[in-house]
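Below: one structure, written as structure tokens.
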Amino acid sequence: MAESVVSFASQHVLPKFLEAVKMLRDLPKEVAEVTDELESFQDFIRDANKVAEAEEDINRRDRIRKRLMRLREAAFRMEDVIDDYVICDEKQPEDDPRCAALLSEAIEFIKTQILRLQIAYQIQDVKSLVRAERDGFQNHFPIEPRLHSCIGNEHFTWHKLRMDPLFIQKDEVVGLDGPIQTLKKWLTEGREERTVISVVGMAGLGKTTLSKQVFDRVHTDFECHALITVSRSYTVEGLLRDLTNKLCKERLEDPPRDVATMNQMSLIEEVRNRLNNKRYVVLFDDVWNKTFWDDIELALIDNKNGSRILITTRDEKVVDLCKKCLFFEVHKLQPLSKEKSLELLCKKAFGYGFDGSCPKDYEEVGLEIVRKCECLPLSIVAIGSLLNRKCKSPSEWGLFSQNLSLELESNSELDSVKKILGLSYDDLPQNLRSCLLYFGMYPENYEVKCDRLIQMWIAEGFVKHESGRNLEEVAQQQLIELISRSLVLVSSFTIDNRAKLCRVHDSIHEMIRGKTKNTGFCEYIDVNNHLESSGPIRRLTIATSSNDLSGTIEGSHHIRSIIIFGRREVLSEQFTSHLLSKYTRLKVLDFGYAPLYDVPENLGSLIHLKYLSFWSTFIRSLPKSIGKLQNLETLDVRANREIEVPKEITKLRKLRCLLGNRMSAIAVKDSIGSMTSLQMMHILIDPDGVVIRELGKLKQLRDMRLSNVMGHHSDTLSSSINQMQLLERLDIFVQHLSEPIDLHITSSLSKLRKLHLYANLKEFPNWIPRLQNLVKLSLVQSRLTNIPLISIGNMANLLILSFGSTSYEGETLHFENGGFQKLKELELQRLHQLSSIFIDSGALQSLEKLQIMNIPELKAVPSGIQNLKKLQVLDILYMPTEFLQRIDPNGGEDYFMIKHVPHLHFVTKNRAFLLAERAANILCGVIEVWSVSLFFIL
């Protein structure tokens, strides 16, 4: 019997055991091979997709696409098994189990080895599947060798970012001088009745660029103005809410508290009240819906004082229905002339090397290219960006033009704009393609915060480590490259020319949605709970308010990223819990702006998660299970309420970004120093200040924002800040402003770029002028009687200076000759003692924007303001009557000093503001009287 058992073991068990040992030993090598194979297989899928796009026979194209779905599903399985290995490998115990003192460690080791063995078998299965699917596709639909459309693939340094048409500068505009003058005349002259002006033309003609250029030149002639980008799937309430918010923002007023819940009629009444008796201009950009005018007309009151509505659209039926308005004008925008098209092409192709005329050697082939672009600016800009990068000689332009002809002749179903945009997409390396396709996760015309986008790209694995640069810097460069290729538009810049908000043109968004639909890259569940794709999906945006998605996503097993977007109904705990239990492989989960109140305990099951956002939700706490998210890199808990986080959060050793403007530090106050990977942190300081001592251990911090700081924390906080050599941004908000804070910074803080101090300062910190890389300095409630403007004025890179409420209690500010040579923006707000400002002729010579707000004792325009030749924007907000009278264009004695400024913006105190101010003054007087009375009683 014993012999038979030994024989059975030697014949059956031992070989299996040895095979398992070998598979475990070879597993790292197998993972490396399958990782390399994945990249090759993705190239094969891209080539296969081109075969599908080029196929003219509809039935055959459908068969190819069905095969493509199988290829993509195989690729998804490859990615999954690689992810499983990474997670499993990180669980490996550090010590040899033979030496383990605890049985539990040995048991854990055995569990890990079993899991590793399962992964090894899965790798064998997926490799066989990939070979079979690749061979099957190649046998049925052979892939031809690739053709390249131009010579060379050299590295290129980008010279200039591509601006959003809504923000493009005058010197970037080509061929629109005539239309600009026409529209300007229609907007500012003529009839008193409200007039609708429509700009109509096909995609890519420059309707937005034209309209925004005119809008910028005339809006100061109107009392109210607003610019609204109209979503293709807008709701009337959403449109009116957006208009209300824009009108409030323009006058620096808070919108009504209940604006988010107002019904349509209430919103119409709100807009009418704000426009009543005012001459206004509103630009509605990119209108698609034929019922648009019916939806909006009632809100746009006709004051008979020359108000104007400007509409851009590519649909003439929209224009026809706008003609219901008694007074209207229509401008049909035409393609550029060949000469202007060539000028635009050369401006993009040669960048700063372009002197205004096309070089003779390039002229003939350049005209050929713009003719193939049908003289459409969008197409010309895209092609010009390609030429800039790839083709450096007339002969290369000629080869490019020949290949462009072949591309445009193939696949006749697509219009030329889509084909040309497709060429720009095909020219991207794979990581940039994925970055661009990510815009398909958002609605059309949606402006994405660049910082948020970059963190998502990193979580998705689109950004790889590069020597000498952190991941954020690499991702920033990738974004710049997409911008420079004219595929992504910058809607808003920071003062030092970094992209702040970005979006894609609607035609590019359309192209992206086509790509994502056919590739399974992402899918968008719209407000009607409709899911277009029937194949495997990798990423999902949920824009419906329904809590029942069982019919749409039950079969989508491969989802790795979810964004909850634009919901109104509360996310039920049952729905959220089901979502988390079903998709345990998620890497990105964004609840931003969702009405979420509770986070289920099973959040801890998402062990692959790298990016988690509760931005603007209503949660109050996080579950303890969050400590299980060992791969989490970004946690955004900037919710609408103060939020408590459990101590378990300190187990997240990979966490780089912890964002929470109202996040309590009480639970983690004595252990947050163990989170040594943190680079960004926003936190509320505990009353005892224990957490401040811990901060000194976080030597990788680049961005630190602290709230609830107290004066007695000064020494400890100074000591911690001195340990942070990488700090780029520092915000400090002191809780009790009656208690002054005194920071003693001895470190050079050589990388610090932004400093915001909301604090009562004993004196102006003498270390601030030493911050030679500081770009922005903001002081609020500082209560300083002396500010060393000479020292600050010598700071080499200072671009923005803001003296906020009660930051300065002196009577005079004197900007002396030679100071502040690079400063671009200066803000002076609520300085109640300030009565005079002097600007010497050689000071502030780069200033572009000046804001003077609510300074009651300042009765005259700053002396010397007429010497600020580069000043573009002057905001005069809530200033005393005497000040406003002196700058009145109709006879004001100081108007000549500011008439050279292109954009003058005045906001006067309305009745509500005056009543609130008077009440505040009365209250202050009561407090002062009470204080004096109490003093005498004592």
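Computed from the coordinates by the stated procedures, all read-outs in this text should not be read as laboratory data. Just so it is clear, the model here is predicted, and its values are computed rather than measured. All Cβ positions, glycine included, derive from the backbone under ideal geometry; neighbour counts span all protein chains shown.
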Can you give me the distance in nm between label points at LYS29 and ASN602, each placed 7 Å from the Cα along the Cα-to-Cβ direction?
4.1
Check the straight Cα-Cα distances from LYS822 and name the lysines below 19 Å, setting aside those fewer than 8 residues away within the same chain.
LYS751, LYS754, LYS776, LYS849, LYS869, LYS870
Filter the chain for me: DSSP H helices, axial length by Cα at least 18 angstrom, mean Kyte-Doolittle hydropathy not below 0.0. List them by residue number.
377-390, 471-484, 911-937
Starting from one equal scatterer on each C-alpha and no solvent at all, send me the Debye-based log10 I(q)/I(0) for segment 759-901 at q = 0.10, 0.20 Å⁻¹, two decimals.
-0.31, -1.30
Given labels modelled 7 Å from the Cα in the Cβ direction, how far is it in nm from GLN833 to LYS338?
7.2
Förster-model FRET efficiency, 56 Å R0, HIS712 and ASP875, C-beta, rounded to 0.05:
0.90
Here the gain from full extension of ARG191 to ASP526, 0.36 nm per residue of separation minus their alpha-carbon distance, amounts to 116.4 nm
Have a look at segment 624-752 and give its Rg and Dmax from the Cα atoms, expressed in angstrom.
13.9, 43
Per-residue ellipticity at 222 nm attributable to helices in the chain (runs of n ≥ 4 DSSP H, -39500 (n - 2.57) apiece, nearest 500 deg cm²/dmol) works out to -12500 deg cm²/dmol
Would you please name the trypsin sites (Lys or Arg not before Pro) within segment 436-491 that are DSSP coil residues with at most 16 other C-beta atoms within 10 Å of their C-beta?
LYS464
Going out from 0 in 10 Å bins, what whole percent of all Cα-Cα distances in segment 350-470 drops into each bin?
11, 34, 29, 21, 4
Could you put CYS325, CYS522 in order, starting from the residue whose Cβ has the fewest other Cβ atoms within 10 Å?
CYS325, CYS522
Pick the calculated Cα extents along the principal axes in Å for this structure from (i) 112, 78, 59; (ii) 118, 63, 61; (iii) 113, 80, 55?
(iii)
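Shape of segment 221-364 from its Cα gyration tensor (a ≥ b ≥ c, root eigenvalues): rounded if a/c is under 1.5, otherwise prolate when a/b > b/c, or oblate?
Prolate.
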Compute, for the chain, the length of the dipole vector about the Cα centre, with Cβ point charges of +1 (Lys, Arg) and -1 (Asp, Glu) only. Units Debye, rounded to 20.
320
Order by neighbour count: GLU55, GLU39, fewest other Cβ atoms within 10 Å first, most last.
GLU39, GLU55
Nearby aspartates and glutamates by direct alpha-carbon distance to LYS699 (threshold 19 angstrom, same-chain neighbours under 8 apart not counted):
GLU472, GLU473, GLU633, ASP670, ASP715, GLU728, ASP731
Sorted by Cβ neighbour density within 10 Å, fewest at the top, the residues THR541, THR182:
THR182, THR541
